[in-house]
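A.B. asks: Dumping the structure here so I can ask a few things about it.
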Amino acid sequence: MFDILQYLPAKRKQTASGWISFNAPCCTHNGESQDKRQRGGCKVSDDSWSYHCFNCNYTASFLMGRNLSFKAKRLLQWLGVPQDEIERINLESLRHRSIEGIANERIRITQRLMNVQFEERDLPEFAELLLPEKSVWHKDLWSYIEKRCLPEDYPYMFQQHEQVARHGIVVPFTHNNVIVGHTTRYIDGRKPKYIQDAQPGYVFGTDLQKDSWQYAIVVEGVFDALCINGLAVLHNEINQSQSRLIRSLEKDIIVVPDHDEAGLKLIDSALEYGYSVSIPDWPDYIKDVNDAVCRYGRLTTLLSIFENRVSGKIKINMARKRLQKKI
Ligand SMILES: [Zn+2]
């Protein structure tokens, strides 16, 4: 097993939340001065690690069974790991591919063939991981997460700096566990409520899908997707490249529209691509999956989605008409 610990600087400390911190090797390569306050952080598990620099915001991660990413390779170089050692680590990782890893790799290859690729993006400036220690500063963010019934284990972030005027939750967008964008939900009551960095064709939530799952549920919004491990297309329609990406997951697709005008458009997309649609008969005050999860819980919501699933033009159009009448 590739043990990152052996490459980290000897001078390091471990925080209660499991981060190993040490002087970051990245900053001088990114136009910042040398870190002297141990602002590089690495979190290690059995078969993966992730790195985040709280000084220059460089991030990198590694998952056993996968190729080393470009950013992970650079990090290792900066840590002084020789090039041939890096190549050896990469081969070693691929040799440990599990069945799931192989399946994921196949999906990745399919996605590449289908031309689904996203560039690695930086997180917004001064973004830091929202740690579970619910300090005073974090309290309103955590209570927002709780109020919206979002899973607590997603790596939410926040921006804390005098140059950052607004307060909100940053949700990193990942694809194949690489950060490719983000959305920020502000909780200060001012407009706009969201700002978003999403690449064309991006679908949120592909990394939340499990190989053993038969279905993937497609919704419009990030928070709807997060609370049921679904996919979010981030618009009220599904474009061609998003559909290619969704197809490459090789799942049965169920589109769950919001109960509003935008939802009707999402149904039209589902019809266009031949996906199933589910419109559970929620009461009027429940407008989307997130509302339903907060009201009924996740399992009941999922059951109602599966029970109301319809396919084929005629049945979907009937369900669409019922929804149209309600809104
Ligand atoms: Zn750095």
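The values are calculated or read from the model by the stated rules, or taken from the named source; none is laboratory data. Values in this document were obtained by computation on a predicted structure and should not be read as measured data. Cβ sites come from the backbone with ideal geometry, for glycine too, and all protein chains shown count toward neighbours. For the accessible areas, the whole protein counts, side chains as well, though only heavy atoms, and no ligand, DNA or RNA atoms are used. Shrake-Rupley method; radii C 1.70, N 1.55, O 1.52, S 1.80 Å.
A.B. asks: Would you mind stating whether residue 46 is away from the ligand (no atom under 14 Å from the Cβ), open to solvent by 10 Å² or more (accessible area, probe 1.4 Å), part of a loop (DSSP other than H, G, I, E, B) and over 19 Å from residue 127 (Cβ atoms)?
C.D. replies: Yes, satisfied.
A.B. asks: If you don't mind, there's one more thing I want to ask. Output the residues belonging to region 293-327 that are part of a loop (DSSP other than H, G, I, E, B) and among the hydrophobic types (A, V, I, L, M, F, W, C).
C.D. replies: Within region 293-327, 327 is the sole residue that qualifies.
A.B. asks: Among (1) within 24 Å of residue 324 (Cα to Cα); (2) free of Cβ contacts under 8 Å to residues at least 60 places away in the same chain, where does residue 206 come up short?
C.D. replies: (1)
A.B. asks: Mind checking which pairs have a first residue in region 27-39 that is under 21 Å from residue 14 (Cα atoms) and a second that is near the ligand (Cβ under 10 Å from one of its atoms) and among the acidic types (Asp, Glu), Cβ under 8 Å, 6 or more apart or different chains?
C.D. replies: That search, which allows pairs on different chains as well, returns 27/35.
A.B. asks: Taking the criterion of being over 30 Å from residue 212 (Cβ atoms) and either within 21 Å of the chain's Cα centre (by Cα) or away from the ligand (no atom under 16 Å from the Cβ) (or both), would at least one residue in region 91-114 satisfy it?
C.D. replies: Taking every residue of region 91-114 in turn, none turns out to be over 30 Å from residue 212 (Cβ atoms) and either within 21 Å of the chain's Cα centre (by Cα) or away from the ligand (no atom under 16 Å from the Cβ) (or both).
A.B. asks: Can you pull out every residue in region 1-41 that is in a strand (DSSP E or B) and either within 18 Å of residue 74 (Cα to Cα) or aromatic (Phe, Trp, Tyr) (or both)?
C.D. replies: Of everything in region 1-41, those that are in a strand (DSSP E or B) and either within 18 Å of residue 74 (Cα to Cα) or aromatic (Phe, Trp, Tyr) (or both) turn out to be 19, 22, 40, 41.
A.B. asks: While we're looking at this one, here's another question. Would you call residue 60 assigned to a strand (DSSP E or B), within 15 Å of the ligand (Cβ to nearest atom) and touching a Ser or Thr at 6+ places or on another chain (Cβ under 7 Å)?
C.D. replies: Yes; evaluated as a whole, the condition is true for this residue.
A.B. asks: Does region 12-22 contain at least one residue that is in contact (Cβ under 8 Å) with a residue 60 or more places away in the chain, in contact with a Pro (Cβ under 7 Å, 6 or more places away or on another chain) and open to solvent by less than 30 Å² (accessible area, probe 1.4 Å)?
C.D. replies: yes
A.B. asks: Among the residues of region 173-196, is there at least one that is open to solvent by less than 20 Å² (accessible area, probe 1.4 Å) and over 23 Å from residue 57 (Cβ atoms)?
C.D. replies: Among the residues of region 173-196, not one is open to solvent by less than 20 Å² (accessible area, probe 1.4 Å) and over 23 Å from residue 57 (Cβ atoms), which makes the answer no.
A.B. asks: Return the pair list, or none, for Cβ contacts closer than 6 Å from residues in region 52-73 that are touching a residue at least 60 places away in the same chain (Cβ under 8 Å) and open to solvent by less than 10 Å² (accessible area, probe 1.4 Å) to residues that are of a type in the set (Ser, Thr, Tyr) and part of a helix (DSSP H, G or I), at least 6 apart or on different chains.
C.D. replies: Between residues of region 52-73 that are touching a residue at least 60 places away in the same chain (Cβ under 8 Å) and open to solvent by less than 10 Å² (accessible area, probe 1.4 Å) and residues that are of a type in the set (Ser, Thr, Tyr) and part of a helix (DSSP H, G or I), there is no close pair.
A.B. asks: For residue 67, are the conditions met, namely being more than 16 Å from the ligand (Cβ to nearest atom), part of a helix (DSSP H, G or I), within 23 Å of residue 121 (Cα to Cα) and not acidic (Asp, Glu)?
C.D. replies: no
A.B. asks: Criterion first (closer than 17 Å to residue 130 by Cα and more than 16 Å from the chain's Cα centre (by Cα)) does residue 167 satisfy it?
C.D. replies: Against the criterion (closer than 17 Å to residue 130 by Cα and more than 16 Å from the chain's Cα centre (by Cα)), residue 167 qualifies.
A.B. asks: Just give me the residues in region 207-230 being open to solvent by 10 Å² or more (accessible area, probe 1.4 Å) and touching a Phe, Trp or Tyr at 6+ places or on another chain (Cβ under 6 Å), in sequence order.
C.D. replies: Of everything in region 207-230, just one residue is open to solvent by 10 Å² or more (accessible area, probe 1.4 Å) and touching a Phe, Trp or Tyr at 6+ places or on another chain (Cβ under 6 Å), namely 222.
A.B. asks: Tell me, please, whether a residue that is in contact with a Lys or Arg (Cβ under 7 Å, 6 or more places away or on another chain), modelled with pLDDT of 95 or more and within 21 Å of residue 153 (Cα to Cα) can be found in region 228-241.
C.D. replies: yes
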